[in-house]
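The block underneath contains the structure these notes are about, expressed in structure tokens.
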């Protein structure tokens, strides 16, 4: 019987009992769980399977061996001894302000106690937490397992909401620091079997986990690069039937479907290990609807990130290829938010390479790049005309058809729709950004400033059968742009690709806010 796609299923027991597809991660779960008194932390973007992982640990430490039948761990030496579980899901905690957060956590602890037939008497939250562990140990004579999901929700939910929101985030952070600090107290730590904490953001150890000096961070650990997410091998092994059906519906081959899946959804890489993974949410929805769409992106809008990009006047084309030092990933503070760290932790950029000193970051795949840049474009230039989406699609079509006159006419129509204050008085960097975002919103494969031996190309647009090498000028001439492409030999980078190469020079008139002249030539080997 064909299994079901587990869209929205985060409970391990329901997944197994309901005959849903479960990609077996039990070997890595075993490697983490077998170490006594281990404290772990894992940061991953939303919709990547963190809650399912937490639920898997829960079932494992409840000793529910029947759920793991057929998985790797079934034939291991795991002893299947049940342990008391203290599970806190911060998605269900009221963090509107710090007093409500304390009350909500207290209610969660009281509920856990009642589920074990216990009653807690302490009034102070941290003391109630200690009391719970002591009571559980006295009842079961076994150490407890602590599972914390989305620990950072009480903090990040208030970011991007002005100074008032930031103040609530600070107060919640300080309260959480005291709360998690309980886990290090001698009377508690000796009664713990395992602690596993997940979240999207990785705040610096000093700000929240300063007391947990034995907390092992798995976020960038190469051995756990694929602890959540699907690898290429897992995709092909577990979803072969869906891949074949997709190919049948598209009247193509499974190999071509796999190639498109790689381009659209693969590429999330969280560690120096060269092991990219697919976002499970996107893959499951692709096989549910049998079409390519921006599934993951549409589940949340990055308005906070866009506001930060605006506020810091960040050069958007730079997001194509960032170089950052490793400290960027470990110095995340409310008072000094690094955009690169935020973009990485939320999944909008990922690791492309590591040379031992610097990490190279960029967009993980077509889904993230196209949808993120389209969202950025519409928000940064503040265009209210929703009919422009059709214009973006036409940009793509005209480039594919090599109809440059229609392409330029459509680009000018979009430029003319930008409110005057948004574009007035701007120069080449601004037009470069707007043109780049415009192309990205159209869905074409666009790169900004790819490096050649002679310098950097402004923009390159790639199709399977052709490449456009684009140079932009302001208040000069298209001829000067073409001359620079030829003198710097920008197009030669693509000569070995077997594709036709077009050289496109574009000159903007900043007073008219439009493309004044353009020139298209063909490069031959």
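Here are a few things to note about the model shown:
- Acute angle (nearest 10 degrees) that the helix 98-115 long axis makes with the longest principal axis of the chain, alpha-carbon atoms: 50 degrees
- Förster-model FRET efficiency, 22 Å R0, residue 190 and residue 34, C-beta, rounded to 0.05: 0.70
- Global size of segment 230-365 as Cα Rg and Dmax, reported in angstrom: 17.0, 53
- For segment 12-224, relative contact order (Cα pairs under 8 Å, six or more residues apart, normalised by length) works out to 30 percent.
- Beta bridges per DSSP with both ends in the chain, % antiparallel, nearest 5: 50 percent
- In this rough spin-label picture, where each label sits 7 Å from Cα along the Cβ direction, the residue 402-residue 475 distance is 3.6 nm.
- Computed E for residue 81/residue 170 - FRET, C-beta separation, R0 45 angstrom, nearest 0.05: 0.60
- Residue 430-residue 412 pseudo-label distance in nm [points 7 Å out on the Cα-to-Cβ vector]: 2.0 nm
- A helix-only calculation puts the chain at -12500 deg cm²/dmol for mean residue ellipticity at 222 nm, using -39500 (n - 2.57) for each DSSP H run of at least four residues, averaged over all residues.
- Cβ crowding within 10 Å ranks 404, 438 as 404, 438, fewest other Cβ atoms first.
- For the peptides 37-48, 296-307, 261-272, the ranking by packing is 261-272, 37-48, 296-307, with the highest mean count of neighbouring Cβ atoms within 10 Å listed first.
- Highest average packing first - 150-159, 125-134, 480-489, Cβ atoms within 10 Å: 150-159, 125-134, 480-489
- Once both labels are positioned 7 Å from their Cα atoms along Cα-to-Cβ, the gap between residue 464 and residue 311 label points is 4.4 nm.
- A straight chain from residue 24 to residue 260 at 0.36 nm per residue would run longer than the Cα-Cα distance by 82.5 nm.
- Tilt relative to the chain, helix 50-61 - C-alpha long axis, 0 to 90 degrees, to 10: 20 degrees
- Cα-based helix-to-principal-axis angle, 388-401 vs the chain, degrees rounded to 10: 60 degrees
- Based on C-alpha pairs under 8 angstrom that are at least 6 apart in sequence, segment 178-260 has a relative contact order of 20 percent.
A short reminder: the numbers here are calculations on the coordinates, not readings from a lab. Computed from a predicted structure; not experimentally measured. Neighbour counts are summed over all protein chains in view; Cβ atoms, including those assigned to glycine, are modelled from backbone coordinates with ideal geometry.
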